[in-house]
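The values are calculated or read from the model by the stated rules, or taken from the named source; none is laboratory data. Remember, it's a predicted structure, so these values are computed and weren't measured experimentally. Positions of Cβ are backbone-derived with ideal geometry, glycine not excepted, and every protein chain shown enters the neighbour counts. With ligands, DNA and RNA removed, areas are computed over all heavy atoms of the protein, side chains included. Shrake-Rupley method; radii C 1.70, N 1.55, O 1.52, S 1.80 Å.
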Amino acid sequence: MLEINNLHVKLENENKEILKGLTLSVEAGSVHAIMGPNGSGKSTLSYVLAGRDGYTVTDGSATLDGESLLDMEPEERAAAGLFLAFQYPVEIPGVGNMTFLRTAVNAQRKARGEAELSAGDFLKLVRAKAKTLKIDAEMLKRPVNVGFSGGEKKRNEILQMAMLEPRMCILDETDSGLDVDAMKLVSEGVNALRDAGRAFLVITHYQRLLDHIKPDVVHIMANGRIVKTGGPDLALEVEKNGYADILAEVSA
Amino acid sequence: MTAAVATSPRAARLAARLQATQERMAKVPLPASPGWLLRAREGAVARLNATGLPEKRDEYWRYTDPAALIAPTPPSVDVFEITDEPLVFDHVDRLRLVFVDGVFDAAASDPLEAEGIEISRLAEATDIHWAQDLYGALEARAQAPVARPLAALNSATATDGVLIRVTGKVDRPVSVCYLRRKAASDAILHHVLRLEPGSEMTLLENGPGAARSSIVSEIDIAEGAVLHHVRTMGRDHQRIGTTHLFARLGAGARLKSFSLSVNGRLMRNEAMVWMTGKGGSAHIAGAAMGDGAFLHDDTVFVTHQAPDCESRQVFKKVLRGGAVGVFQGKILVEQPAQQTDGYQISQSLLLDERSQFLAKPELEIYADDVKCSHGSTSGEIDADHLFYLRARGVPEDEAKLLLVLAFLAETLDEIDREDIAEDMRQRLRGWLERHR
Ligand SMILES: Nc1ncnc2c1ncn2[C@@H]1O[C@H](COP(=O)(O)OP(=O)(O)OP(=O)(O)O)[C@@H](O)[C@H]1O
Ligand SMILES: [Mg+2]
């Protein structure tokens, strides 16, 4: 589903290469996890895939279902089914959460040639999904993420994901800032969306999230590259021993 | 004084200015008026003659050139007809008063009567006692600390206006519509409002009303009275003009004023507010959007003279295509005005690099126990906000529109009636869609 091949990315305004030939393949129906030391380029990868400004792709490719993502506008990538749950969701004063969600849902439906949701249907849907994530109605009325706690912001990301029903979901440290109960809620939200047509790329530092969202494949990223790929055991190994052994092994 | 006395260039310039003003005013016939009004007009002429007409070099006009506003004749510009959307406030049940190119249109207006309100016209004024104490009085008071010669000129020469006295709580708004049919027209209107203790009303104003307009409103809000004011000046690209809003608030009185200004070549909205009684509250807000040859100036002066009052100035501008926004705002807290809560924010969103925002925010405080804050910023659309919306599938144009509306939201919050706020929101949205 998501095919990344030899991706090289540098900063637009600085001669600094961050992704240095990254190759990764995520098939439909699977959950892949990426772990890796701070600064290894995990968020950069997620931003480049989602289409954020400020990066230059110097080599390689990234495709979603065979279509090149890198040539699309961010909104086209979203309409094509890509979703990024941000590591740091921004607060947007003045834009109501509901207005935002409804505009996003309907814009994507429109881009895909589907009918827009009526105000009533939309409201019903949001309320139901918000309830399972324990997001109360009052929070929905506020401007996007404004005054939300760190954990609430992360839950709001998952609510957006549940509403938009993307096929390729990238979660960038969605577990950071979540308390134990919220981690369970969020994981349940993710697990509820797991199906044969959908894939997840879960960026995390901790095994704990992976106890809830069981990955099929675990990748270790270091210095702008995937340096090791394995099964769920690889995450346990990192949890136990840190990255030193793995990094030493691959550079040897 | 003899010719031999050496004068500084500055004094010489002032003397020349005063002489030019006096010569000009000597030739201007004052409109036929009953005795009290004529005396008020003569008083205004004297004030004007003492200060002279404004010049660009005046500190108070440093950002906005008044030349076109005081030129002997108005500009001649195409009449702009709105055909693609209903007129502002069309959906509101209201008492409608229509001025076309500054001239009252009786046929298009509703009868001047409503429960809880006395309404008459300045041009037909006889001995209206309550207005005699007000006409020109607040304008005169507003001549210090900074002279406002254009307001005095208006008091002297206004041809018409409405005189409104409110005695009860009135639900149905009074709506003054300014329409323009002539290419070159000068509208000089002067309104006087007196809200008796405990009364309440909504005043709506819309339309540029002339190629050049000067509209002065003197508003006296007595103890516990409430005035809601919503004004729009929209879409007429070539219009120039000034408005002056002078408001005096008694104890516990409330004023909420919101102005929307889109397009227009040169507009200056001045507001002078005095908090003269304990516990009053005044909110003055403005949203302005311009593209290209546009200058909009908000000049606001709030004076706190009594304790426990609250005031807010909220002004936001969206500028593109080389448009210019100006804000001069002051909160003056006099010594007796303890426990003042004063807030002022002026911000602009620059949609391109050619546009500019010129701001002069000021605080002057003589009371020791007050809470006052002010802030002024100028910036572009936040790239992270834009990306967040687009990453969720919102197309770029729509995302920008949402963010611009979000930027302006704080001004719309100052409108109490949700249907009117929503109408304003639609106007803003319409403008943004036309000016992508
Ligand atoms: N806009 C930028 N300007 C300068 N440096 C940047 C920029 N974006 C990323 N970097 C640098 O690129 C490297 C990768 O950053 P990135 O945020 O992708 O790491 P990460 O793997 O997500 O780290 P973490 O685990 O801490 O979230 C870091 O060294 C970071 O400082
Ligand atoms: Mg990161």
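From the list B:Leu53, B:Leu87, B:Leu37, B:Leu97, the one residue that fits, being in a helix (DSSP H, G or I) and under 25 Å from B:Ala210 (Cβ atoms), is B:Leu37.
Those residues that are open to solvent by less than 50 Å² (accessible area, probe 1.4 Å) and assigned to a loop (DSSP other than H, G, I, E, B), I need them from the range B:113-127; list them, please. Residues satisfying the conditions are B:Gly116, B:Ala125. The set of residues in the range B:408-425 being in a helix (DSSP H, G or I), open to solvent by 30 Å² or more (accessible area, probe 1.4 Å) and touching a residue at least 24 places away in the same chain (Cβ under 8 Å) consists of B:Glu410, B:Asp419.
Every residue, every condition in (1) open to solvent by 80 Å² or more (accessible area, probe 1.4 Å); (2) within 16 Å of ligand 1 (Cβ to nearest atom); (3) modelled with pLDDT under 90; (4) touching a helix residue (DSSP H, G or I) at 6+ places or on another chain (Cβ under 6 Å), yes or no:
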site	(1), (2), (3), (4)
A:His205	no, yes, no, no
A:Val218	no, yes, no, yes
A:Ile226	no, yes, no, no
A:Ala244	no, no, yes, no
A:Glu249	yes, no, yes, no
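Within the set of pairs 6+ apart or on separate chains, which have a first residue in the range B:169-180 that is outside any strand (DSSP E or B), a second that is among the basic types (Lys, Arg), and C-beta atoms under 8 Å apart? The qualifying pairs are B:Arg172/B:Arg94; B:Pro173/B:Arg94; B:Arg180/B:Arg239.
Quick check, is A:Thr63 part of a strand (DSSP E or B) and within 15 Å of ligand 1 (Cβ to nearest atom)? Judged against the criteria, A:Thr63 is not a match.
Here A:Gly41 passes the criteria (1) more than 16 Å from ligand 2 (Cβ to nearest atom); (2) modelled with pLDDT of 95 or more except the one numbered (1).
Before we move on, is A:Gly189 at pLDDT below 90 and within 16 Å of ligand 2 (Cβ to nearest atom)? No.
Starting from residues that are under 21 Å from A:Ile220 (Cα atoms) and away from every other protein chain (no Cβ under 13 Å), keep the ones in the range A:44-58 and report whichever is nearest to ligand 1 (Cβ to nearest atom). Out of the qualifying residues, it is A:Thr44. Of everything listed in (1) facing another protein chain (nearest Cβ under 10 Å); (2) more than 30 Å from A:Arg208 (Cβ to Cβ); (3) surrounded by fewer than 19 Cβ atoms within 10 Å (Cβ to Cβ); (4) at pLDDT 95 or above, the single unmet condition for A:Arg109 is (4). Within the bounds of the range A:139-157, is there any residue that is within 14 Å of chain B (Cβ to nearest Cβ), open to solvent by 10 Å² or more (accessible area, probe 1.4 Å), more than 16 Å from ligand 2 (Cβ to nearest atom) and on the phi > 0 side of the Ramachandran plot? The answer is no; no qualifying residue exists.
Which residues, taken from the range A:1-43, are in a strand (DSSP E or B), within 13 Å of ligand 1 (Cβ to nearest atom) and open to solvent by 50 Å² or more (accessible area, probe 1.4 Å)?
Within the range A:1-43, A:Glu17, A:Lys20 qualify.
Please specify each residue of the range B:316-339 satisfying the condition of being open to solvent by 30 Å² or more (accessible area, probe 1.4 Å) and either aliphatic (A, V, I, L, M) or farther than 17 Å from B:Cys372 by Cβ (or both). The answer is B:Arg320, and nothing else. For the range B:369-401, filtered to residues that are assigned to a loop (DSSP other than H, G, I, E, B) and under 31 Å from the mean Cα position of the chain (by Cα), the residue that is farthest from the other protein chains (Cβ to nearest Cβ) is B:Asp369.
Among the residues of the range A:84-116, the ones that are of a type in the set (Ser, Thr, Tyr) and over 19 Å from B:Val404 (Cβ atoms) come to 1 in all. Those residues that are among the aromatic types (Phe, Trp, Tyr) and out of contact with any Asp or Glu (no Cβ under 7 Å at 6 or more places or on another chain), I need them from the range A:193-212; list them, please. Within the range A:193-212, A:Phe200 is the sole residue that qualifies.
Flag: A:Ala78 does not match the condition of being at pLDDT 95 or above, buried (at least 22 other Cβ atoms within 10 Å of the Cβ) and within 16 Å of ligand 2 (Cβ to nearest atom).
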